[in-house]
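Please read the structure below before turning to the comments.
The values are calculated or read from the model by the stated rules, or taken from the named source; none is laboratory data. Quick caveat, the model's predicted, so the values are computed rather than measured. Every residue, glycine as well, gets a Cβ built from its backbone with ideal geometry; the counts of neighbours run over all protein chains shown. Ligands, DNA and RNA are excluded from the accessible area calculation, which covers all protein heavy atoms including side chains. Shrake-Rupley method; radii C 1.70, N 1.55, O 1.52, S 1.80 Å.
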Amino acid sequence: MALVDVKGVSFAYGAGEFRRQVLNNVDFSVDRGEIVILTGPSGSGKTTLLTILGGLRLAVTGSAVVLGRELVNSDENVRMGVRRQIGYIFQQHNLFWPLTAVENVCMALELDDRLSEAERRQRAGEMLTEVGLADHLDRRPKQLSGGQRQRVAIARALVSRPKLVLADEPTASLDKASGHEAVNILKRLAKDYGATILLVTHDYRILDIADRIITLEDGAITPQSVPSS
Amino acid sequence: MTPFPTFFFAARLAWRQLTYDKPKLIAATLGVLFASVLVFMQLGFLDSLYASAVSAPIKMRADLFVLHKQTEALWRPVQFERSALMRALGHPDVRAVYPMYVSLGQFKNMDTHIQRTLMVYGYDLNGDLIDDVDICARADDLKRQDVALFDIASRPEFGPVSEQISKGRDVTEVNGRRIKIVGTFRMGTTFAADGNVVTSDLNFHRIFPQRAFDKIDLGFVLLNPGSDVRKAQADLLALMGQEMRVFDYNELVEFEKGYWENSAPMGFIFGFGVVMGLVVGMVIVYQILFTDVSNNLSQYATLKAMGYSQFYLQLVVLSSAIYLALLGFALGLGLSVALYRLAEQEIFIPFPMPLGKIATVFAFILTMCSLAGALAIRRLKAANPADMF
Ligand SMILES: Nc1ncnc2c1ncn2[C@@H]1O[C@H](COP(=O)(O)OP(=O)(O)OP(=O)(O)O)[C@@H](O)[C@H]1O
Ligand SMILES: [Mg+2]
């Protein structure tokens, strides 16, 4: 069964004369282990769709099964449960400035009370090593470059071994080289851990990491979506 | 997530956030410190007012005390007939009665010759009406003509009296009459009197010749050992008539305290100061916590996306508030202790710092910070992870 299975999802912001239909009958699915890039013009509803799939926004029509749970018309508790199994990467790194790299990554593990403090630090350190920051474990975000910060954010998203990673324009605030490095790290780790990635981007420079590219236009998946070479 | 780590992690994150930005931490701590000191000082003045108000009655010794009904406070008594007090002798349980005369008089500083008002107490020294070792020891000396004892807890404007008398300079004027100061005792100033002098009833009338012997200010009643004080009190009240009040010791002290608590608007004035201090402190703490939440909205939203609960985020904000309360209060307490010392030296009124007061002020400050935190928590609603992407 697909990890993400979306059928007939529609979504509108606002109500009455301010109502704005953003998603119309979206259908698509993502299989386990796939890396799928979602692209499309600005305002086409990509972010909206991603927040619905991440359990951060509630849709009321259609069906969106993510990690085996129906999110359309779901309870906050169901969505919180799904959220804990997802790694999120935002355009901004959103790291806590007072915390070191390793402490920021640990934040993703503190919800898991089976781990001791030492185990959390160990795993956070290993993950930061994986993203090439072995020498920067105890640095604060202020002492890191933009690309390094985004790599800390990637480590934080992946350290709890989520089955699904949702990323929205993760390279938008990075230059070409660090953007490419960041997504390549993401791809390598996803393959190593068997994670599935759904990544929204405008950045044609990183399209090559995708197993498949789908395009959203005017709130619907366009038929010409084809597997990338 | 089990409860203990939740509290611990939230408190730890709050601590890191709070200590990261030092100027912010200092500003917030100063806000709480300011509020703590203000509350301590207001309560200190209020307490010392009450404490000093009773510095005289607290030393008075008798089983029952007789006052005129119109007397509002001991420092401004309404006089009554000596014969009314004498009527008490008709009661079988009454062993002795003593009148006391109280009046404000002018005491001349022996060095500067400047006159200043103090309280003069005159009574039959055989009665030991004021419980003070120095007065009792000097009772016989005081029976001589034109002598008095001076309260060394009086304000310094009266001069260094004990130094002066040790050098043999012991004659001054009270109400223009030459009086020899034969010794000192310790009682304390009040908001009504800057100093005290004790002498015999005869000397009192020499100092205040216009005062009639048969108009007294306060009556002391001593009962036979083992008497029923309550019953005697009721009997005496009936015996002396509607015009009088009869108090036991505790009632006398409470009566004097009650004057300051009720008749004078002191409680309100000082209470207002306390409230103002707390409000200002709360606004400062709220501002700082609110800004802190606002600056970290995307971080908090990210935590929510990771599966952290709103409760966890609220705990972070509340923990910050409690840290500020602890920090600001600890420093405020230290500063207040120093200021209390200073106040005692400057205005010669005791400023006690009992544990109860420390606990009360801490409770105020903790409540203030918690309220500020609770208000700042509302800002967390804006941390919506759906708006993060
Ligand atoms: N919270 C909101 N309230 C109302 N309208 C919104 C809200 N968020 C987005 N929209 C509108 O919904 C439409 C789709 O927005 P969305 O952010 O999903 O597009 P997008 O494909 O991610 O665009 P971009 O590539 O610019 O990020 C836009 O027209 C936007 O103005
Ligand atoms: Mg978008």
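Looking at A:E70, A:E17, can you tell me which residue is under 24 Å from A:G219 (Cα atoms), open to solvent by 10 Å² or more (accessible area, probe 1.4 Å), among the acidic types (D, E) and within 16 Å of ligand 1 (Cβ to nearest atom)?
Details: A:E70 fails: within 16 Å of ligand 1 (Cβ to nearest atom).
Matching residue, one of A:E70, A:E17: A:E17.
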Sole residue being over 25 Å from A:L207 (Cα atoms), more than 16 Å from ligand 1 (Cβ to nearest atom) and open to solvent by 10 Å² or more (accessible area, probe 1.4 Å), chosen from A:V78, A:V82, A:V60: A:V78
Residue satisfying condition, being more than 16 Å from ligand 1 (Cβ to nearest atom), touching a helix residue (DSSP H, G or I) at 6+ places or on another chain (Cβ under 8 Å) and either open to solvent by 30 Å² or more (accessible area, probe 1.4 Å) or within 14 Å of another protein chain (Cβ to nearest Cβ) (or both), within set A:A177, A:A182, A:A167: A:A177
Look at A:E119 and say whether it is away from ligand 2 (no atom under 16 Å from the Cβ), under 19 Å from the mean Cα position of the chain (by Cα) and open to solvent by 20 Å² or more (accessible area, probe 1.4 Å). no
Checked the stretch A:205-226 for anything away from ligand 2 (no atom under 16 Å from the Cβ) and outside any strand (DSSP E or B); matches are A:R205, A:L207, A:D208, A:I209, A:A210, A:D211, A:T222, A:P223, A:Q224, A:S225, A:V226
With the first residue restricted to the stretch B:345-367 and required to be in contact (Cβ under 8 Å) with a residue 24 or more places away in the chain, and the second required to be open to solvent by 60 Å² or more (accessible area, probe 1.4 Å) and among the aliphatic types (A, V, I, L, M), Cβ contacts under 8 Å at 6 or more apart or on different chains are B:L366/B:I322
Name the residue, out of B:R379, B:R341, that is without any contact (Cβ under 8 Å) to a residue 40 or more places away in the chain and open to solvent by 30 Å² or more (accessible area, probe 1.4 Å). B:R341
Of all residues in the stretch A:21-52 being within 12 Å of ligand 1 (Cβ to nearest atom) and hydrophobic (A, V, I, L, M, F, W, C), the one that is nearest to A:L199 (Cα to Cα): A:L38
What tally of residues in the stretch A:158-181 results from selecting those that are part of a loop (DSSP other than H, G, I, E, B), acidic (D, E) and within 16 Å of ligand 2 (Cβ to nearest atom)? 1
Got a sec? Which of A:A182, A:A177, A:A153, A:A157 is within 14 Å of the chain's Cα centre (by Cα) and more than 12 Å from A:N104 (Cβ to Cβ)? A:A182
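Do any helices (runs of 4 or more DSSP H) entirely within the stretch B:119-193 hold 3 or more residues that are closer than 25 Å to B:A62 by Cβ and within 30 Å of the chain's Cα centre (by Cα), and if so, which? Don't jump to the end; show me each part of the working.
Details: elements: B:133-137, B:139-142, B:161-166.
Those helices (runs of 4 or more DSSP H) span B:133-137.
Quick check, is A:A155 away from ligand 2 (no atom under 16 Å from the Cβ) and closer than 19 Å to A:I209 by Cα? Walk me through how you get there before you give the answer.
Details: away from ligand 2 (no atom under 16 Å from the Cβ): yes; closer than 19 Å to A:I209 by Cα: yes.
In short, yes.
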Among A:L58, A:L71, A:L50, A:L23, which is in contact with an Asp or Glu (Cβ under 6 Å, 6 or more places away or on another chain) and aliphatic (A, V, I, L, M)? A:L50
Are there helices (runs of 4 or more DSSP H) fully within the stretch B:1-105 with at least 1 residues that are open to solvent by 20 Å² or more (accessible area, probe 1.4 Å) and within 14 Å of another protein chain (Cβ to nearest Cβ)? List them. B:3-20, B:22-53
B:N295 passes all but one of (1) surrounded by fewer than 15 Cβ atoms within 10 Å (Cβ to Cβ); (2) more than 14 Å from every other protein chain (Cβ to nearest Cβ); which number fails? (2)
Please give the number of the condition A:G87 fails out of (1) more than 16 Å from ligand 1 (Cβ to nearest atom); (2) surrounded by fewer than 18 Cβ atoms within 10 Å (Cβ to Cβ). (2)
Just checking, how many residues over the stretch A:124-135 are outside any loop (DSSP other than H, G, I, E, B) and either buried (at least 21 other Cβ atoms within 10 Å of the Cβ) or facing chain B (nearest Cβ under 10 Å) (or both)? 3
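Considering only residues of the stretch B:367-389 that are assigned to a helix (DSSP H, G or I) and within 16 Å of ligand 2 (Cβ to nearest atom), which is farthest from B:M306 (Cα to Cα)?
As a first pass, look at the stretch B:367-389 and keep what is assigned to a helix (DSSP H, G or I): B:367-382, B:385-387.
Retained after the next criterion (residues that are within 16 Å of ligand 2 (Cβ to nearest atom)): B:385-387.
Numbers: B:P385: 9, B:A386: 12, B:D387: 14 Å.
Filtering first and then ranking leaves B:D387.
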Taking the stretch A:99-109 as the region of interest, how many residues are buried (at least 24 other Cβ atoms within 10 Å of the Cβ) and within 9 Å of another protein chain (Cβ to nearest Cβ)? 1
Lone qualifier among A:G219, A:G194 - being in contact (Cβ under 8 Å) with a residue 40 or more places away in the chain, over 30 Å from A:T61 (Cα atoms) and small (G, A, S): A:G194
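Give, as residue ranges, the strands (runs of 3 or more DSSP E) completely inside the stretch A:1-98 that count at least 1 residues that are more than 14 Å from every other protein chain (Cβ to nearest Cβ). Steps first, please.
Details: elements: A:4-13, A:20-30, A:35-39, A:61-66, A:86-89.
Passing ranges, in order: A:4-13, A:20-30, A:35-39, A:61-66.
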Per the list (1) more than 27 Å from A:G194 (Cβ to Cβ); (2) open to solvent by 70 Å² or more (accessible area, probe 1.4 Å); (3) more than 9 Å from ligand 1 (Cβ to nearest atom), residue check on A:G8 breaks on (2)
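Residue-by-condition table, conditions (1) β-branched (V, I, T); (2) open to solvent by 10 Å² or more (accessible area, probe 1.4 Å):
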| site | (1), (2) |
| --- | --- |
| B:M110 | no, yes |
| B:Q115 | no, yes |
| B:L118 | no, no |
| B:Y121 | no, yes |
| B:I130 | yes, no |
| B:K143 | no, yes |
| B:F158 | no, no |
| B:D170 | no, yes |
